[in-house]
1. If you place +1 on the Cβ of every Lys and Arg and -1 on the Cβ of every Asp and Glu, how big does the dipole about the Cα centre of region 1-94 come out, in debye to the nearest 20?
2. Computed FRET efficiency, Cβ-Cβ of LYS31 and VAL54, R0 35 Å: what is it to the nearest 0.05?
3. Calculate how large, on average over all directions, the projected area of the Cα convex hull of region 1-62 is; give the answer in nm² to one decimal.
4. Apply the Karplus curve 6.51 cos²θ - 1.76 cosθ + 1.60, θ = phi - 60°, to the phi angles in region 42-53 and return the couplings in whole Hz, x for Gly and Pro.
Amino acid sequence: RQEQREAMLLEKVKLEEEIKKARLRYEEHMKAMKEEEEQKKKKKEEMWDEKEEVEHYKEQMALIKKEDEERKRLLEERRVSDKRKLHKSTHKQRIADLIEIMSKLKLDDNEKENHLPKRNEKRNRTNRSGSNSSPKLLDKIKKVKNPL
C-alpha cells in the first residue's frame, strides 16, 4: 500500500509539474496574444492618423487649388479689363486723331475756297492796304497757326 501511495504521490507531483508547465505555456500564449492585439490597435490608430493626415492634406490641397483658381480668374479679369481699357483709350485716341484730321481738312477746304478767286472777286481783290489777299483768308491762316 505504501508503494502504491508513493507511486500515486509521484504521479501527482508529475501531473502538477505538467499542469504548471501548461499554465506557463498558456500564460505566455495569452501575453503574446495581448501584445499582438495591442500592436493591431496601434496599427489601426496609426492608420486612422494617416487617413486623417491624408484627408487634411487633401482638404489643404483643395483649398490651395481653389485659391489658385480664384487668383487666376482675377488675373484674367484684370487682364481683360486692362485690354478693354487699352482698346477704349486707343479707340478714343483714334477718334480724336480723326477729328483733328477732319478739322484740318475742313480748314484746308475752306482755305482753298477762299483762296480761289470767284468771278466777281477778280476785279475787287485788293483791300484798302493794297495787299492781294482777302481778310477772310488772313483770318483762316491765323486760325490754322493758332487753333485756339
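Computed from the coordinates by the stated procedures, all read-outs in this text should not be read as laboratory data. Since the structure is predicted, the reported quantities are computational estimates derived from the model, not experimental observations. All Cβ positions, even for glycine, are placed from backbone atoms using ideal geometry, and neighbour counts span all protein chains on display.
1. Working: 30 positive and 27 negative charges, 296 e Å.
Rounded to the nearest 20 debye, it is 1420 debye.
2. Using R0 = 35 Å, I get an efficiency of 0.55.
3. The orientation-averaged projected area of the Cα hull of region 1-62 comes to 3.7 nm².
4. Calculated HN-Hα couplings, in order: 4, 4, 4, 4, 4, 5, 4, 4, 5, 4, 4, 4 Hz.
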